[in-house]
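Chemist: Right, I'll just put the structure down here and ask away after.
The values are calculated or read from the model by the stated rules, or taken from the named source; none is laboratory data. What you are looking at is a predicted structure, and each value in this text was computed from that prediction instead of being measured. Note that each Cβ is placed from the backbone with ideal geometry, even for glycine, and that neighbours are counted across all protein chains shown. Ligands, DNA and RNA are stripped out before the accessible areas are found, and what is left, the full protein with its side chains, is counted by its heavy atoms. Shrake-Rupley method; radii C 1.70, N 1.55, O 1.52, S 1.80 Å.
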There are 2 protein chains.
Amino acid sequence: MHNGKVYLDCMPRQEAEALWRKALSSAGYFARLPAEEIAVEQALGRVTDCAVYAVQSVPHYNGAAMDGIAVRAEDTFGATERQPKKLRVLPAGGPILPGTCCVVDTGDVLPPGANAVIMVEDVHFAEGYAEIAAAAAPWQHVRIIGEDIVQGEMIVPERHVIGPADIAALLAAGLERIKVTAKPRVAIIPTGTEIVASRQELAPGRILDINSPMLAAAVQVWGAQPVRRKIVNDDRAALAQAVSTSLDDCDMVITIAGTSAGTEDYTFSVMSELGQVLVHGVAIKPGKPVVLAVCRGKPVVGLPGYPVSAMLTAELFVRPVLLARQGLPMTQPKQVEAKLARQLFSTIGVEEYVRLSLGNVQGRIVAAPLARGAGLISSLTRARGLMAIPAESDGLAAGTAVTVNLCSPKSELERQVLAVGSHDLALDLLGMHLRRHGGHVLSCANVGSMGGIMAIRNNEAHLAGIHLLDEETGEYNLPFVRRLLAGRKCMVVHLARREQGLLVAPGNPKGIRSLADLMNPGIMYINRQRGSGTRMLLDYELRRLGIDAGQIQGYEKEVATHMAVAASIAGGAADAGLGIRAAAQALGLDFIPIASEQYDLILNFADDDERREKIIAVLRSDGYRREVEALGGYDASRAGTVLWVD
Amino acid sequence: MHNGKVYLDCMPRQEAEALWRKALSSAGYFARLPAEEIAVEQALGRVTDCAVYAVQSVPHYNGAAMDGIAVRAEDTFGATERQPKKLRVLPAGGPILPGTCCVVDTGDVLPPGANAVIMVEDVHFAEGYAEIAAAAAPWQHVRIIGEDIVQGEMIVPERHVIGPADIAALLAAGLERIKVTAKPRVAIIPTGTEIVASRQELAPGRILDINSPMLAAAVQVWGAQPVRRKIVNDDRAALAQAVSTSLDDCDMVITIAGTSAGTEDYTFSVMSELGQVLVHGVAIKPGKPVVLAVCRGKPVVGLPGYPVSAMLTAELFVRPVLLARQGLPMTQPKQVEAKLARQLFSTIGVEEYVRLSLGNVQGRIVAAPLARGAGLISSLTRARGLMAIPAESDGLAAGTAVTVNLCSPKSELERQVLAVGSHDLALDLLGMHLRRHGGHVLSCANVGSMGGIMAIRNNEAHLAGIHLLDEETGEYNLPFVRRLLAGRKCMVVHLARREQGLLVAPGNPKGIRSLADLMNPGIMYINRQRGSGTRMLLDYELRRLGIDAGQIQGYEKEVATHMAVAASIAGGAADAGLGIRAAAQALGLDFIPIASEQYDLILNFADDDERREKIIAVLRSDGYRREVEALGGYDASRAGTVLWVD
């Protein structure tokens, strides 16, 4: 039976960081930086262990800086166009005696006796003599010893990340090998009996270890070398053994907690046995159950098992320690001010991290919160920004000005196109074309047609897909746009007509033929969220047919996209759901047509914004229309037609 | 004898870029992106060849999101604290029939019949029954199929750089291998008979190939794979052979011109033979002689041989083509507005690139131009910024507001300490300590003591080292500071007393004993620049002794640091020079004492700037004082004493 999990009182993040850093400092962890000697040519991106000084000057001899003749400057004084001087040309190498010169190429050693070079363009050669028409200043066109780098001079300081030009400078200054900080070795130990290492071992109830490869990659990005260990079952002795072995040959140990209740207790007790646990539980969300310990003078971190929690806590606690271990400064993320697109609730006493889509809408950066579950890895891949809701706040109202840490370069913001509204597979195709032709990135928040209209109304999105039937007029979309977006300076363009219908398992095993059959016993329905055009269509049709929604099992379970409906049915969790034919076709489901509807896009860009023109151009292209129709159930022949401009 | 080098008319940069890009586009170079399939776990930093779609949903089954019991929500309706409901606990796995439940751990499959999970904290277990005191909402604490990622959904778009979270998402969505763009292979062919590949082959007149390793590293930074070729002598057939072979197995060929006049002609004629030369000579400085060609549909670039020219032209012409070849967007460098510290002249008709030191001095960013020679690799390693002087400009006055492209993160600007003034080895040590204790980076421009005072006066530097003897009072430094920096809110702190004297070759082969001996025949002197304290000391002593400077051979050859003087003597280019004992000691020279002088620092920081306190703390530390005295000829016992505050 379950043990109730007991965390130590959750500690504020700053306090946890400070406590752990102090313990690591006291243990001398940041002072002991092991070094290794490597070839300069292999040193790109490595960090110098100590300052490196030139062992020879650059250049290491006085040389000609031009092609021409090497001369004694004093022999040339008085030469003019009208009274040129003649110097006898000696064989290469000199020495240059009064009245003589010799030919030099750029880079040649300046012959003894010479103290200047005259460019070949300014010399007339004839009969073994060089004729010059102007005096040379002493030391002109001569590169003297050490002009670039002087022997003994510092080439790169300590704790410097070696770049291409540094490699050239080090080689020029006579260095062939340099000492660099050895990359910290970071052991990564996944734990949990239910965790499997490969897709082949995957079965219901089994969870693929995606955390180890993710953290291994992150650790590489932070300059360290990941050492991946085998998965440890929920077995205290095995975990103790794995951590202890890793402490022998690594500079840091990360355990990734299994999701079962027992494992986290093991993590805590193993770390307590091997050293000192400083923090067990931090007042952050996601990531609360993190464990921070120092064992045998080295950091040991227990990360939570949900991927979003694991990644966030690694960023907060692993990254700074790895950078400090290498003697590198912490770089702060770039920040922007943005307008929060939707209300956010938060628990008082917990610092909550929210992943965000970002885009510049009509001159202001809009931050749209992504789904917040700790298990939603897609919220990490989609995030362009991250913000923290402070522990003392219970939430933020929509429209609040917030400070956002950027996850990608700021320049990318101008390429983001924020789509908020009804989901359609044709939007993914649009995104692909925009990316290919202009480097634009379409990010979609699926909040349904009405949600899309409200987002445009609040200037929180560039684009909204809608399919809303006005029951009075039988007209699609424009009645809603006229009512809700008058004066908003946006544009509506047509995308396609598409078929809506019931998605059912292949072969339709439950014999569903109409909406009325959804009331049959043993039929599990999967619904779309309120405010979505598809839900409104369902409710409209149910009312028309006099069907009581309360009679439909599963009516209360809502998902946000056509594909999520299809996936529920394909996975056997539901028997039927209303959605577009393309979703059925994508997952090989059967499809029972119910209605044909009109899917349009609202575009919200300034008139001179090239993104609007690009979108319309894509919609009107034959290639795009063909691809949309190939999804199944679409008529895209009029895609790109402008239906309304305000 | 030399052929006059003939360049095609130098083309404006933008025109050259456009012409070449157009030719490469026409040849289909940017369309043909070869792909390779690799393991997702190895994909960090690679670029997707095409969009990648989920092959399974995440999660791929309906599962418990909490530890607890799986129930039929309808069985729980009506349960309250006062009227709890009892459910019989079945063995794990179900199926859940009316009135029953079973225990589930987070991640477990939801048993058939169940549609909700109740947290273990809210359940009281007794005698085979679970007692619950509140109703469960349908689907509460259930992670449904596809909640995170739906089968068929796009995980990453095409031309996306894979990061750690992407790896996790791809693995979770059932991908084990993905197609990524193959790294372009870039052949790097150094040319020139005088070029050698290793330090062992180095001799006067020989030049070490530092360009190949530098460009190989740069090419790696730009996502491509360098393929380094052997050095090709100045031999047309050999060059043609090398380029042709490389065109067979590489995506781009770079030749690095030798410095001899003939080689560039070979480059041009070989490229003309193998394909089409589009550009021969661009109106930029450095980098004018670049050659851009398309041979067999691939780019071939002839880079100039001077390292600064090679690197700059590679940035301008190689990088954009490599990024485009990989389908990656060109990121624009970060820019800052800065005040130009010194006047810059430029040639009309040529776009000139200038490397800069940067630092925030009293609230304004100051850009101090570094030495501009194309051969000065140290100007690349020291540069924190780069600016272009437009072709139509003949120069910029000191104080001009300029736009600077940053070479390092903007946050680093606040850590820069700009030192301008007299050079001393003790400054290098100060820089090392500042870096170690605060991550500060000291960059020194050696313009002599008077130059340092003027830089402080113009708020163009944080720090200036000075050693200026006031002939009237015999006092050092302060008379000049009082006269020139009154009201400037700066501070003077003492650094050390140090010995100045004549540096001569080991064993003093020319028997030099005093300044008067510099007039002896056969003695070559090496001088310091006007405005430097050392030069002022020399001129003062010469005047005092009645020596005519015109009688000293080499008096007109000026270098900017003590170490450059020492290096000239160590390399045999000069016989004597005035400088500090530490420079002699560093290069094993003999030293003839002439004077003892006072070396002080002017500090120009706002009162609350922590950098000033850090500098003073370093100066006063025993460790620093010991290290300075170990350089030779210093008394640093009073380092850090404040001499003057305005």
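Chemist: Tell me the residue from A:PRO289, A:PRO333 that is within 14 Å of chain B (Cβ to nearest Cβ), open to solvent by 10 Å² or more (accessible area, probe 1.4 Å), in contact (Cβ under 8 Å) with a residue 60 or more places away in the chain and under 17 Å from A:LEU406 (Cβ atoms), please.
Modeler: Among A:PRO289, A:PRO333, only A:PRO333 is within 14 Å of chain B (Cβ to nearest Cβ), open to solvent by 10 Å² or more (accessible area, probe 1.4 Å), in contact (Cβ under 8 Å) with a residue 60 or more places away in the chain and under 17 Å from A:LEU406 (Cβ atoms).
Chemist: Looking at (1) surrounded by fewer than 22 Cβ atoms within 10 Å (Cβ to Cβ); (2) more than 14 Å from chain B (Cβ to nearest Cβ), can you tell me which one A:ARG625 breaks?
Modeler: All conditions are met except number (1).
Here's the yes/no breakdown for (1) over 33 Å from the mean Cα position of the chain (by Cα); (2) modelled with pLDDT under 95; (3) crowded, with 22+ Cβ neighbours inside 10 Å:
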| site | (1), (2), (3) |
| --- | --- |
| A:GLY4 | yes, yes, no |
| A:LEU8 | yes, yes, no |
| A:PRO12 | no, yes, no |
| A:ALA23 | no, no, no |
| A:GLY28 | yes, yes, no |
| A:ILE38 | no, no, no |
| A:ASP49 | no, yes, no |
| A:VAL52 | yes, yes, yes |
| A:MET66 | yes, yes, no |
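Chemist: Right, another one. Consider A:GLU610 against the criteria (1) touching a Gly at 6+ places or on another chain (Cβ under 8 Å); (2) within 22 Å of A:GLU475 (Cβ to Cβ); (3) modelled with pLDDT under 95: it satisfies all of them except one. Which criterion is unmet?
Modeler: Every condition holds for A:GLU610 apart from (2).
Chemist: A follow-up question, please. I'd like the full set of residues that are farther than 18 Å from B:ALA573 by Cβ and of a type outside the set (A, V, I, L, M, F, W, C), limited to the stretch A:107-125.
Modeler: A:GLU121, A:ASP122, A:HIS124
Chemist: Being among the small types (Gly, Ala, Ser), outside any helix (DSSP H, G or I) and farther than 30 Å from A:ASP251 by Cα, is that true of even one residue in the stretch A:141-153?
Modeler: yes
Chemist: Here is a further query. Filter the stretch A:399-419 down to the residues that are free of Cβ contacts under 8 Å to residues at least 60 places away in the same chain and more than 10 Å from chain B (Cβ to nearest Cβ), then identify the one that is farthest from A:PRO369 (Cα to Cα).
Modeler: Of everything passing the filter in the stretch A:399-419, A:GLU414 is farthest from A:PRO369 (Cα to Cα).
Chemist: Another one. So the check is Cβ under 6 Å with 6+ separation or different chains; which pairs have a first residue in the stretch B:148-161 that's facing another protein chain (nearest Cβ under 7 Å) and farther than 15 Å from A:ARG382 by Cβ and a second one that's assigned to a strand (DSSP E or B) and open to solvent by 30 Å² or more (accessible area, probe 1.4 Å)?
Modeler: B:GLY152/B:TYR53
Chemist: Within the stretch A:99-122, identify whether any single residue is over 25 Å from B:ARG206 (Cα atoms), within 60 Å of the chain's Cα centre (by Cα) and open to solvent by 20 Å² or more (accessible area, probe 1.4 Å), and answer yes or no.
Modeler: Checking the stretch A:99-122: at least one residue is over 25 Å from B:ARG206 (Cα atoms), within 60 Å of the chain's Cα centre (by Cα) and open to solvent by 20 Å² or more (accessible area, probe 1.4 Å).
Chemist: Report, ordered by the first and then the second residue, all pairs with beta carbons closer than 6 Å, sequence separation of six or more or different chains, a first member in the stretch A:102-126 that is more than 10 Å from chain B (Cβ to nearest Cβ), and a second member that is charged (D, E, K, R).
Modeler: So the pair list comes out as A:HIS124/A:GLU131.
Chemist: Quick check, is B:ARG530 touching a helix residue (DSSP H, G or I) at 6+ places or on another chain (Cβ under 8 Å), buried (at least 18 other Cβ atoms within 10 Å of the Cβ) and either touching a residue at least 12 places away in the same chain (Cβ under 8 Å) or within 14 Å of another protein chain (Cβ to nearest Cβ) (or both)?
Modeler: Here the answer is no, as B:ARG530 does not meet what is asked.
Chemist: Additional query: Which helices (runs of 4 or more DSSP H) sit wholly inside the stretch B:578-646 and have at least 2 residues that are in contact with a helix residue (DSSP H, G or I) (Cβ under 7 Å, 6 or more places away or on another chain) and within 30 Å of B:ARG513 (Cα to Cα)?
Modeler: So the answer is B:581-586, B:622-630.
Chemist: Do we have any residue at all in the stretch B:162-185 that's closer than 30 Å to A:LEU175 by Cα, modelled with pLDDT of 90 or more and outside any loop (DSSP other than H, G, I, E, B)?
Modeler: Checking the stretch B:162-185: at least one residue is closer than 30 Å to A:LEU175 by Cα, modelled with pLDDT of 90 or more and outside any loop (DSSP other than H, G, I, E, B).
Chemist: Mind listing whichever residues of the stretch A:256-295 are at pLDDT below 90, of a type in the set (A, V, I, L, M) and assigned to a loop (DSSP other than H, G, I, E, B)?
Modeler: A:ALA257
Chemist: Further question: Taking interchain pairs and intrachain pairs at least six residues apart, which have beta carbon atoms under 7 angstrom, with the first residue in the stretch A:5-24 and within 9 Å of A:VAL279 (Cβ to Cβ) and the second assigned to a loop (DSSP other than H, G, I, E, B) and modelled with pLDDT of 90 or more?
Modeler: A:MET11/A:ALA283
Chemist: What residue, of A:ILE189, A:ILE145, A:ILE162, is open to solvent by less than 20 Å² (accessible area, probe 1.4 Å), of a type in the set (A, V, I, L, M) and touching a Gly at 6+ places or on another chain (Cβ under 6 Å)?
Modeler: Residue meeting the stated conditions: A:ILE145.
Chemist: Considering every residue within the stretch A:306-321, establish whether at least one is more than 21 Å from A:GLN14 (Cβ to Cβ) and at pLDDT below 90.
Modeler: yes
Chemist: While we're looking at this one, here's another question. If you scan the stretch B:562-576, which residues turn out to be within 7 Å of chain A (Cβ to nearest Cβ) and surrounded by fewer than 24 Cβ atoms within 10 Å (Cβ to Cβ)?
Modeler: B:GLY571, B:ALA573
Chemist: Residues that are in a helix (DSSP H, G or I), of a type in the set (S, T, N, Q) and closer than 21 Å to B:ALA165 by Cα: does the stretch A:207-217 have at least one?
Modeler: yes
Chemist: Taking the stretch A:165-186 as the search range and keeping residues that are facing chain B (nearest Cβ under 7 Å) and either on the phi > 0 side of the Ramachandran plot or not small (Gly, Ala, Ser) (or both), which one is most open to solvent (accessible area, probe 1.4 Å)?
Modeler: Filtering the stretch A:165-186 for residues that are facing chain B (nearest Cβ under 7 Å) and either on the phi > 0 side of the Ramachandran plot or not small (Gly, Ala, Ser) (or both), the one most open to solvent (accessible area, probe 1.4 Å) comes out as A:GLU176.
Chemist: Quick check on the stretch A:579-595. Is at least one of its residues closer than 21 Å to A:ARG435 by Cβ, charged (D, E, K, R) and in contact (Cβ under 8 Å) with a residue 60 or more places away in the chain?
Modeler: Checked against the condition, which is being closer than 21 Å to A:ARG435 by Cβ, charged (D, E, K, R) and in contact (Cβ under 8 Å) with a residue 60 or more places away in the chain, the stretch A:579-595 yields no hits at all.
Chemist: Within the stretch A:391-419, work out how many residues are among the small types (Gly, Ala, Ser) and open to solvent by 40 Å² or more (accessible area, probe 1.4 Å).
Modeler: 4
Chemist: Find the helices (runs of 4 or more DSSP H) located wholly in the stretch B:420-504 whose residues include 1 or more that are buried (at least 19 other Cβ atoms within 10 Å of the Cβ), of a type in the set (Gly, Ala, Ser) and free of Cβ contacts under 8 Å to residues at least 60 places away in the same chain, and list them.
Modeler: Answer list for the stretch B:420-504: B:425-438.
Chemist: Using the structure shown, decide if A:GLN200 is part of a helix (DSSP H, G or I), more than 7 Å from chain B (Cβ to nearest Cβ), open to solvent by 10 Å² or more (accessible area, probe 1.4 Å) and free of Cβ contacts under 8 Å to residues at least 24 places away in the same chain.
Modeler: yes
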